[in-house]
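The values are calculated or read from the model by the stated rules, or taken from the named source; none is laboratory data. Since the structure is predicted, the reported quantities are computational estimates derived from the model, not experimental observations. Here the Cβ positions follow ideal geometry from the backbone for every residue, glycine too, while neighbour counts run over all protein chains shown. Keep in mind that these areas ignore ligands, DNA and RNA; they rest on the heavy atoms of the full protein, side chains included. Shrake-Rupley method; radii C 1.70, N 1.55, O 1.52, S 1.80 Å.
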Amino acid sequence: MDGVLIDSTPAVARVWRNWALAHGFPAEEVVARAHGRPSITTLRELLPHADHEAENKIVERMEMEDLQGVVPLPGAH
């Protein structure tokens, strides 16, 4: 429900920044590329020979665990 009921933009940006640094990619470029897209699409582009499903589970878990700055959108309550 991200973008509909909640705004997790800061947390998602942190996750992608950390992921990028761990994989040797320029963090801000990865954050910009990942914004507003399914994570698996970004992963397929950046890691064409990886296990995309496994890597996507890692990113999704990181996003679920980072709740700092996640806020409800107006009217969500």
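Structure values in brief
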quantity: Test: residue in the range 23-37 that is aliphatic (A, V, I, L, M), over 12 Å from the mean Cα position of the chain (by Cα) and open to solvent by 50 Å² or more (accessible area, probe 1.4 Å); calculated: no
quantity: Test: residue in the range 4-12 that is assigned to a loop (DSSP other than H, G, I, E, B), touching a strand residue (DSSP E or B) at 6+ places or on another chain (Cβ under 9 Å) and either exposed (fewer than 13 other Cβ atoms within 10 Å of the Cβ) or hydroxyl-bearing (Ser, Thr, Tyr) (or both); calculated: yes
quantity: Neighbours by Cβ (under 8 Å, 6+ apart or cross-chain): first from the range 3-32, under 16 Å from Asn56 (Cβ atoms) and at pLDDT 95 or above; second assigned to a helix (DSSP H, G or I) and hydroxyl-bearing (Ser, Thr, Tyr); calculated: Trp16/Thr42; Val30/Thr42
quantity: Any hit, the range 21-29, residues being in contact with a helix residue (DSSP H, G or I) (Cβ under 9 Å, 6 or more places away or on another chain) and either under 24 Å from His77 (Cβ atoms) or small (Gly, Ala, Ser) (or both); calculated: yes
